[in-house]
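Everything on this sheet refers to the single structure shown next.
The values are calculated or read from the model by the stated rules, or taken from the named source; none is laboratory data. All figures in this text were calculated on a predicted structure; none of them were measured in a lab. Glycine also receives a Cβ, built like all others from the backbone with ideal geometry; neighbour counts cover every protein chain displayed.
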Amino acid sequence: MKQYIDFDRVFQDFLKYTFSPYGQEYLKRLVENEPKDDEYEYLNEIYEIQVTLGLPVFHRLDDIRPILEKTKNYSVLLPEEIFKIKDFLVFVEDAKKVVPSSRYKLSYYLSKLGNYSSIIEEIDRIFDSDGNIKDNASKNLSVIRKEIKRHQLEIKQRIEKFISKNSKYLQEQLYTRRNGRYVFLIRSGARGNLEGIVHGTSNTGATLFFEPKEFIALNDKYEILLSEEKIEIDKILRGITSKIHDRYGNLMNDIEIVGFFDSLYARAKYAYENKAIVVKPEGKYLKLVNARHPLIPKDIVVPISIDLPVDKKGLIITGPNTGGKTVTLKTIALFIFMAQHAMPILADHGTRIPDFQLYLDIGDSQDVVENLSTFSSHMVRIIDAIKNADENSLVIIDELGSGTDPFEGSALAISIIEYLIEKNIKFVITTHLTNVKLFAMERDDIITASMEFDLETLRPTYRLLLNTPGASHAFEISERLGLPKEIVAKAKQHISKDHLKIENLIKGLNSKVSELESKKLELEKTLGEYERLRKEYERKYNVLKMKKIEELDNELREMYKEFRNAKKELQNALFSAKTKNESLIKKRLKNIEEKENTIQEIDSRIETMKYPEVEGEIDVGKYVRLKDGTTVGKVIEKRGENKFLVDFNGLKIEVKKNKLVQVDVQVDKQTHDVSESVHLVSFSPLKSNEIDLRGMTVEEALDVVDKFIDDLVLSDFSSGYIIHGKGTGSLASNIWNFLRNDKRVKSYRFGRPSEGGVGVTVVEV
């Protein structure tokens, strides 16, 4: 089937986006098998990450499986092979960081990858960036290489001395190495003047490669050192090879995970760059919205839209032979096949793909081997479809009834369509036979469509017009291709008046439908522009609203600070005041407290305006705030039926569902750090309604909180401020658990931004 819908050419585009042989292998297997249970969900998740954050660019990975097989045979890996293993291990560590949040299922899937940080560190400790083994790869190697360097220096000094002393015997004042030993180039006639060993001669025999007697011991020592170095390097390589072999099973398992991830990565990249969507096949509803065949260049492709609801039996497409009917069928079949194998398709949202078994007869190939004509080869495939298709199938036939006598072809085509309808088998069929068009037009359970033809330019537009039959336009096309006009005119005389009348009616109908379709497209374009402007206005309005709210919020916080400072001064004055001034100070204090409460109420309303309450079921990923509170947090985990773990700006607290309301967050939340402690003091034996627990253990803090609640109850204060900071959230969580079960406590909440935010808990007694 794949060869009839050009799938192999499309598939090559997907392979280009992979970064490993494992991903390519997975995609090739995927084409022959069904996707994993959660594959569509994984694919949507990684596409979301690509759109919102962008996926990293990974360098190409080599296939490490042959290298791993070597470790099974206890072969020592070469440095370049170890580096290929390291590339894979580094990728595994990087892949685990691609998914930004644990709310993604893909995060859990990638968490199955092994931890190879220790092996990576070991390889980095042994090798430099060029793949050379470092001197300090082992203590023994360090000692050996130091000795080698010392010995090389000694050899160099002896070489310089020998050349200086025996220059008259040298062919050139140079030295070289033969068979691992330092030798000099001496004239053949000088052999009797020097003691040593000849290791060879030049091609002419004029030069001897000569090892002086005094260099024999030096060379022997040097060879021993190099041998010791090789043995130590082999020991080091054997050690790292053994560690890699120990993880053989993990690595082979991770190769499978990486292959699947690579395939997801490639499909997400393809979807993003080609504006494709992921559609999971389900049901029996076929709907394509602005589908674009991927092999047609973007600048000339004409999108097609198809709507074949469940209550319709099939779709019959008519129109001229050069109008794009076959491409339309191939697009339908290709997209169904791709969607069934979890591959993104070039269409718009709203597209629905049925979960159908496909049966195809597309193309006009003769079967030379079987000596079948065009008509016979078509019928062989059609018969196969009729015998095997059922109500869960979709039969796609190109030019049904063609290749034989038009009258017999029409009769066969209509009978085949009736059989498919009787067996409740869905179909999409193209034809240019008039009788088949008329048959389709008379039935309510068949949708007719045609390929648009521009009568002014006498060219097809390749647009598909639903709910209208198409004319063949054989005369117009022939004339455009160069057939003499007189032949076309005579041809029209040979056609029956009824047939000509039908064709003219169809042409007129198509012209009106085409005009309506153009107006519809213009209207959709206008509506789209209106929607874009509406969203842009809404965005600008929200930005401006937030800006004004922030300005007002800042002003209120400044006022709050001023009142708080004035209150402190009055408190201090009150403690040291004489009796005659006490009532006046208390009066002023009361006035300040009233204004302070008013500011706090306004501040609370501002916070509510920032994030208005919305209807909807609270779930993971939603933004919420506490009832009677203002601080906005994000639900990160559901705990049981009625509890959620909420992240309030880094502070994670477990809260009952009935204590939360969902809010609308339309712009980035502004976080307010605690710039200074909140000190609110009132005249009572309790000099401050604030405690600072930062730095205390949970046990110490709860003792202090217990006493603080007692003092609050006995004081003139109705509320107090518990400063616990943000930290890990453990201290705040334990304090909230304590307050939740304390009957002395009327309510508690996080502080407003002006009170210290989530680093402070405000308790009312």
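Candidates in the range 79-97 are the residues that are surrounded by fewer than 19 Cβ atoms within 10 Å (Cβ to Cβ) and touching a residue at least 40 places away in the same chain (Cβ under 8 Å); of these, the one that is farthest from Leu43 (Cα to Cα) is Pro79.
Of the residues screened, Ile64 is one that is touching a residue at least 60 places away in the same chain (Cβ under 8 Å), in contact with a Phe, Trp or Tyr (Cβ under 6 Å, 6 or more places away or on another chain) and aliphatic (A, V, I, L, M). Residues in the range 254-272 that are more than 17 Å from Ser107 (Cβ to Cβ) and either aromatic (Phe, Trp, Tyr) or without any contact (Cβ under 8 Å) to a residue 12 or more places away in the chain (or both): Tyr270, Tyr272. All of (1) over 27 Å from Glu41 (Cα atoms); (2) surrounded by fewer than 21 Cβ atoms within 10 Å (Cβ to Cβ) hold for Thr318 with one exception: (2). Looking at this structure, is Glu228 under 27 Å from Lys149 (Cα atoms), surrounded by 12 or more Cβ atoms within 10 Å (Cβ to Cβ), in contact with a helix residue (DSSP H, G or I) (Cβ under 8 Å, 6 or more places away or on another chain) and free of Cβ contacts under 8 Å to residues at least 60 places away in the same chain? No. Here Lys269 meets the list (1) within 28 Å of Leu420 (Cβ to Cβ); (2) within 18 Å of the chain's Cα centre (by Cα) almost entirely, failing just condition (1). Leu360 satisfies every condition listed in (1) in a strand (DSSP E or B); (2) closer than 15 Å to Arg463 by Cα except (2).
Anything in the range 248-306 that is assigned to a helix (DSSP H, G or I), among the polar types (S, T, N, Q) and surrounded by fewer than 20 Cβ atoms within 10 Å (Cβ to Cβ)? List them, or say none.
First, the residues of the range 248-306 that are assigned to a helix (DSSP H, G or I): 248-274.
Then drop every residue that is not among the polar types (S, T, N, Q), which leaves 250, 253, 263, 274.
Once the filter is applied, which keeps residues that are assigned to a helix (DSSP H, G or I), among the polar types (S, T, N, Q) and surrounded by fewer than 20 Cβ atoms within 10 Å (Cβ to Cβ), the range 248-306 yields Asn250, Asn253, Asn274.
Answer with yes or no whether His245 is touching a Lys or Arg at 6+ places or on another chain (Cβ under 8 Å) and part of a helix (DSSP H, G or I). Against the criterion (touching a Lys or Arg at 6+ places or on another chain (Cβ under 8 Å) and part of a helix (DSSP H, G or I)), His245 qualifies. Of the residues screened, Lys134 is one that is in contact with a strand residue (DSSP E or B) (Cβ under 9 Å, 6 or more places away or on another chain) and modelled with pLDDT of 90 or more. Condition test on Asp87, is it in contact with a Lys or Arg (Cβ under 6 Å, 6 or more places away or on another chain) and in the same structural domain as Ile46 (by TED's automatic domain parsing)? Against the criterion (in contact with a Lys or Arg (Cβ under 6 Å, 6 or more places away or on another chain) and in the same structural domain as Ile46 (by TED's automatic domain parsing)), Asp87 does not qualify. Being in contact (Cβ under 8 Å) with a residue 24 or more places away in the chain and more than 30 Å from Gly196 (Cβ to Cβ) is not true of Arg145. The lone criterion from (1) modelled with pLDDT of 85 or more; (2) of a type in the set (Ser, Thr, Tyr); (3) under 22 Å from Lys590 (Cβ atoms) left unmet by Ser718 is number (1). Listed by first and then second residue, the pairs linking a residue in the range 475-490 that is surrounded by 14 or more Cβ atoms within 10 Å (Cβ to Cβ) to a residue that is basic (Lys, Arg), with Cβ atoms under 7 Å apart and 6 or more places separating them unless they lie on different chains, are Phe475/Lys492; Glu479/Lys485.
Within the set Val51, Val31, Val76, the sole residue that is surrounded by fewer than 19 Cβ atoms within 10 Å (Cβ to Cβ) and part of a loop (DSSP other than H, G, I, E, B) turns out to be Val76. Being of a type in the set (A, V, I, L, M, F, W, C), in the same structural domain as Ile233 (by TED's automatic domain parsing), at pLDDT 90 or above and over 27 Å from Arg267 (Cβ atoms) is the requirement here; does Leu141 meet it? Yes: the conditions hold for Leu141.
Criterion applied to Glu452, Glu399 was being touching a strand residue (DSSP E or B) at 6+ places or on another chain (Cβ under 8 Å), over 18 Å from Ser305 (Cα atoms) and surrounded by 20 or more Cβ atoms within 10 Å (Cβ to Cβ), and the one residue passing it is Glu399.
For the range 418-434, filtering for residues that are hydrophobic (A, V, I, L, M, F, W, C), farther than 16 Å from Glu391 by Cβ and not in a strand (DSSP E or B) leaves 1. Here the condition is being within 50 Å of the chain's Cα centre (by Cα) and modelled with pLDDT of 70 or more; of Lys492, Lys426, Lys485, it holds for Lys426 alone.
Here's the yes/no breakdown for (1) among the hydrophobic types (A, V, I, L, M, F, W, C); (2) more than 23 Å from the chain's Cα centre (by Cα):
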| site | (1), (2) |
| --- | --- |
| Val278 | yes, no |
| Asp307 | no, yes |
| Asp311 | no, yes |
| Asp348 | no, no |
| Thr351 | no, no |
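Being among the hydrophobic types (A, V, I, L, M, F, W, C), surrounded by fewer than 16 Cβ atoms within 10 Å (Cβ to Cβ), at pLDDT below 80 and part of a loop (DSSP other than H, G, I, E, B) is a condition met by no residue of the range 681-694.
Check the range 754-765 and report whether any residue there is modelled with pLDDT under 85 and not in a helix (DSSP H, G or I). Taking every residue of the range 754-765 in turn, at least one turns out to be modelled with pLDDT under 85 and not in a helix (DSSP H, G or I).
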